[in-house]
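What follows is a set of notes on a single structure, which appears directly below.
The values are calculated or read from the model by the stated rules, or taken from the named source; none is laboratory data. Model, not experiment: these values are computed from the prediction. Here Cβ is always computed from backbone atoms with ideal geometry, including for glycine, and neighbour counts include all displayed protein chains.
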Amino acid sequence: MDSSVKDKHIILGFIGFTICLISFFITLIVAESFNQDNFVRLIVFLCSNLLGWLFYLSFQTIIFDTYQLYKIKFGKKEAKEIATEAVALQEEEPQNTIEPVTQIAEEASSDVHPIELNIDPKRHEEIRSSYEDEQDKENERRIRMVVEYIHFYMPRIADEETVNHICNEVSNWMNKNNYKPKPIKRRLTQDISNIPLRHFIWNIAERCMYKRYYNGDNRARFVKELFPREFAETDIATIKNFRIDPLKPPIPIDELEDGKLDFHYPNGYLQKE
């Protein structure tokens, strides 16, 4: 049972008991005048109970109405006071909060420096120079690698003077992609087709620093001008078929492996440091 209902029953029971007790005493007093007649007792007891309950209900209604009037009258006043206090607090809060925020903003603005959009000329030159140095070193490393490759294969088909000439022209070409090579004037020591020479120039171009500038036309033009006798009867379109018969000796196609630039030499060959 709900506690409020239980309390209500207790109160009503107490009131009922009180009314019955008062009615009992009234019945005894009134019945004394009528020689304790039972009928009189019953009538007096019932009437006393009825009057008691009517008095209680009337009294309860008066008290409840009075309480409601009091609540309405003074409740409005309290609500008005509360509303006034709330408005006052709302008016005070922005003033209290704006000042710290303003102070924080002022402090932050005093600590923040303007963003430098323009790079310092000295720093720009340092970074540019450092990058160019790194690129030059990397290109030198690749040229050194290619020169060793030329030293390994070309002595098989050319004399020393021709090998040195090829190294010099290839080095210039790797430094400048539009370099026009000086043609080889001496004959090769071995009579070969131009297919190994196509392999030779393709293998080197794959290791160049900026490979996008060393396209098929660029490679074909360079090798045709460097070896004019061997490519005299071969046009550029045919030369661009570099990978024809890739295993043809004495210079086969040398593919890059996993992006590594290293050339592949026979087992037992000791590369230069």
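Going through (1) over 47 Å from the mean Cα position of the chain (by Cα); (2) modelled with pLDDT under 95; (3) loosely packed, with under 13 Cβ neighbours inside 10 Å one by one, Arg212 falls short only on (1). Taken over segment 181-207, the criterion of being part of a loop (DSSP other than H, G, I, E, B) and buried (at least 19 other Cβ atoms within 10 Å of the Cβ) is satisfied by Pro181, Ile184, Asn194, Arg207.
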